[in-house]
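Down below is the structure, laid out as structure tokens.
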Amino acid sequence: MNKFRWMLLASCLLATSAASAQTLRIGLKEDPDVLDPHRARTYVGRIVFTSLCDKLIDITPDLKFAPQLATEWSWNEAQTELTFKLREGVTFHDGAKFDSAAVKANIERALTLPDSNRKSELSSVESVSAPDPLTAVIKLKQPDATLLATLSDRAGMMLSPAAFSGDADFSQKPVCSGPYEFVSRVQNDRITLKKFPGYWNAKEYPIEEVAFIAITDATVKLANLRSGDIDMLERLAPTDVPSVKEDTSLAFVPVTGLGYLSIRFNTANGERAKGPAGADKRVRQAFQLAIGRDVINEVAGNGIYPPALQPFPPSSPYHSDKFPPVARDVEKAKALLAEAGMPNPSFELAFGTGSDNQQLAELMQAMAAEAGINITLRATEFAAMQNEMEAGNFEAAMIGWSGRVDPDGNIHQFVTCEGNLNDSKYCNEAVDKSLDAARRVTEETERKALYDAAQEILQDDLPLVYVYYQPWPFVLNKNVTGFTPYPDGMIRLKGMNVGS
């Protein structure tokens, strides 16, 4: 064989290797927090879990519930017992068998783990039983209209009991039963998964390996996509929308989400709650009036940031006409500050690093300044900012929520006194009463009235100021096929492929 033929063969082998590897590289806006669904808090973490950890049930693109590890489910007449029939032949990545005992162990762990962030989501659960290996029964303290939606997210993700019962730190090496298994993680860089050959539906997942790569700078992330260093990205910066639409080598795939971007104020979480914004709601009300949501949509959002004033998007039946977006009114904001005796209050606004976040924070800073509010900005690595918020080391923080199918998931845990994501430590007995009652009611009109009652109080107290409804603008290289966008913003790899 001459030199040319050897070179040709080597080239073919390399090309074959690259094609067969079928690695999909996804650019994430942030680095996820802990890789334990019971402890985790971040949107990007949920994207990783979607490939790593199957749930009892999933949702469809039109927000209906669909089987995953459970093939069917039913309620008793009193709506206090939920029975799941489980899929046969499912194994965890460590080879352990998935059965009803695993369901019981997982839900009990989510309820009892000291630092679990799923406790309040599952607070209606009294017990879980496993009458046979393929049947799991969840008994409730009272009816819970939110439970199916809860179990279609992190609380319903099944982890290997053998892995979480040992001494190993599960969050460093998660073991689930999803289509891809954990390989490695380099903090603030990438998380690598490989296809799990024992997956019950492996034939539907052509991609062999997936790498989630954290790139906080939106410009760098798009440049990486255009150069071929990544294959797709989530959350395109609004300023790049026009150029991406004109680029025939890329596919722009946006979807309207279920969540929102908000400013969370520290109202009672330690010493930093004692500043002007935390201590006096009139400062928060003045801030709300000072920022123009239409300006934010036009300037920072390039038209993809629909103004928001409540946690339920317009597509939700729980969206209320009583709370339309507030029009910017600088003079009214000044009057409120004068009434509070603080014409020039100051507070710090923390936000996750990234050029689009920086631009948005600076825009709000400038608008608030016109009303006399002095805001200092603090860019922080996203996962670190979450930890600081939990610890009370913030006055105000700009942070999004990816949204949930059920309205409870967009509000309860953020504003109830014991809510596990209530970093503000806001607490109002009447709000708790309405939101707890809304969990027990299944009739839509009655339930909506309870959410409206809670919002009447929250719109006055403003522990959270909602800014816009979260869009999910994905961009893919044309070599990526089979992607279906979902309103929950997750990336489901079923049926997806990536060419050479």
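The values are calculated or read from the model by the stated rules, or taken from the named source; none is laboratory data. All of these numbers come straight from a predicted model, not from anything done at the bench. Virtual Cβ from ideal backbone geometry, glycine too; neighbours counted across all protein chains shown. For accessibility, only protein heavy atoms count, side chains too; no ligands or nucleic acids. Shrake-Rupley method; radii C 1.70, N 1.55, O 1.52, S 1.80 Å.
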Subject >> Separation of the Lys478 and Glu88 label points, Cα + 7 Å toward Cβ, nm >> reply: 4.7 nm
Subject >> Label corresponding to semi-axes √(5λ) of the Cα gyration tensor in Å when calculated from the structure given, among [x] 38, 31, 19; [y] 62, 22, 15; [z] 50, 36, 20 >> reply: [x]
**OP:** Determine the gain in length on full extension of the stretch Asn201-Ser165; use 0.36 nm per residue of separation and subtract their C-alpha separation, reporting nm with one decimal.
**Re:** 10.3 nm
Original post:
Rounded to the nearest 0.05, what FRET efficiency do Lys274 and Ser315 have when you use their Cβ-Cβ distance and R0 = 51 Å?
Top reply: 0.85
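Would you mind telling me the share, in percent, of accessible area of the chain contributed by carbon and sulfur at probe 1.4 angstrom?
Result for the chain: 52 percent of the exposed heavy-atom area is carbon or sulfur.
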Subject >> Listed pairs Lys85/Lys173; Lys119/Lys425; Lys119/Lys433 exceeding 22 Å between Cα atoms >> reply: Lys85/Lys173
Subject >> the chain: relative contact order as a whole-number percent, Cα under 8 Å and 6+ apart >> reply: 21 percent
Subject >> the stretch 392-447: relative contact order as a whole-number percent, Cα under 8 Å and 6+ apart >> reply: 23 percent
**OP:** Taking 7 Å along the Cα-to-C-beta vector as the label spot, tell me the Lys173-Glu444 distance in nanometres, rounded to one decimal.
**Re:** 4.9 nm
Original post:
Which Cα, out of Val405, Ala102, Ala350, lies furthest along the positive dipole direction of the chain (beta carbon charges, K/R +1, D/E -1)?
Top reply: Ala102
Original post:
For the stretch 421-500, which GluC sites (Glu not before Pro) are both in a DSSP coil and crowded by at most 12 other Cβ atoms within 10 Å?
Top reply: Glu443
Original post:
With charges only on Cβ, +1 for K and R and -1 for D and E, what is the dipole size of the stretch 281-417 about its Cα centre, in debye, rounded to 20?
Top reply: 340 debye
**OP:** Give me the net charge of Thr216's neighbourhood, meaning all other residues with Cβ under 14 Å from the Cβ of Thr216; Lys, Arg count +1, Asp, Glu -1.
**Re:** -3
Original post:
Under a 5 Å amide H to amide H cut-off, with H placed in plane at 1.01 Å, what residues pair with Gly400 once short-range neighbours are removed?
Top reply: Ser262
Original post:
Under 5 Å between amide H atoms, partner at least 5 residues away or on a different chain: which partners does Thr91 have, H built in plane at 1.01 Å?
Top reply: Phe98, Trp200
**OP:** Distance between Cα centroids, the stretch 397-414 to the stretch 137-178: provide it in whole Å.
**Re:** 19 Å
Original post:
Considering only DSSP beta bridges whose two residues both sit in the chain, what percent are antiparallel, to the nearest 5?
Top reply: 75 percent
**OP:** Distance check, please: which entries in Lys104/Lys141; Lys194/Lys245; Lys97/Lys194 exceed 22 angstrom between their Cα atoms?
**Re:** Lys194/Lys245
Original post:
Which length gain, in nm to one decimal place, applies between Ala338 and Val220 when the Cα-Cα distance is subtracted from 0.36 nm times their residue separation?
Top reply: 38.1 nm
**OP:** Sketch the reach of a paramagnetic label on Glu246 as a point 7 Å from Cα along Cα-to-Cβ, and name the residues of the stretch 206-238 whose backbone nitrogen lies under 18 Å away.
**Re:** 219, 222-223, 226-227, 237-238
Original post:
Over the stretch 87-192, what is the relative contact order in whole percent, taking alpha-carbon pairs under 8 Å and six or more residues apart?
Top reply: 28 percent
**OP:** Distance from a point 7 Å along Cα→Cβ of Leu363 to each backbone N in the stretch 442-482: keep the residues under 14 Å and list them by number.
**Re:** 467-471
Subject >> Axial C-alpha extent at least 20 Å, average Kyte-Doolittle at least -1.0 - helices from the chain (DSSP) >> reply: 3-21, 355-370
Original post:
Given just the C-alpha atoms of the stretch 173-328, how large is their convex hull per residue in cubic angstrom?
Top reply: 208 Å³
Subject >> For the stretch 347-383 versus the stretch 291-330, the gap between their alpha-carbon centres in whole angstrom >> reply: 18 Å
**OP:** Work from the charge dipole of the chain (Cβ charges, +1 for Lys and Arg, -1 for Asp and Glu, about the Cα centre) and give the residue of Ala237, Thr376, Phe394 farthest towards its positive end.
**Re:** Ala237
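Placing unit charges on C-beta atoms (Lys and Arg positive, Asp and Glu negative, everything else neutral), compute the dipole magnitude of the stretch 99-249 about its Cα centre in debye, rounded to 20.
Details: 17 positive and 22 negative charges, 53 e Å.
In debye, rounded to 20, the stretch 99-249 gives about 260.
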**OP:** Would you work out the charge dipole size for the chain about its Cα centre, treating the Cβ of every Lys and Arg as +1 and the Cβ of every Asp and Glu as -1, and quote it to the nearest 20 debye?
**Re:** 1100 debye
**OP:** Run the 1.4 Å probe and let me know the accessible area of Val295, rounded to the nearest 10 Å².
**Re:** 50 Å²
Subject >> Under 5 Å, built H, 5+ apart or other chain: amide partners of Thr380 >> reply: Phe351, Gly352, Thr353
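What whole-number value in Å² describes the accessible area per residue of the chain for a 1.4 Å probe?
Values: 19530 Å² over 500 residues.
Per residue, the chain has an accessible area of 39 Å².
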**OP:** Please list the radius of gyration and Dmax for the stretch 264-381, considering alpha-carbon atoms only, with Å as the unit.
**Re:** 14.7, 40
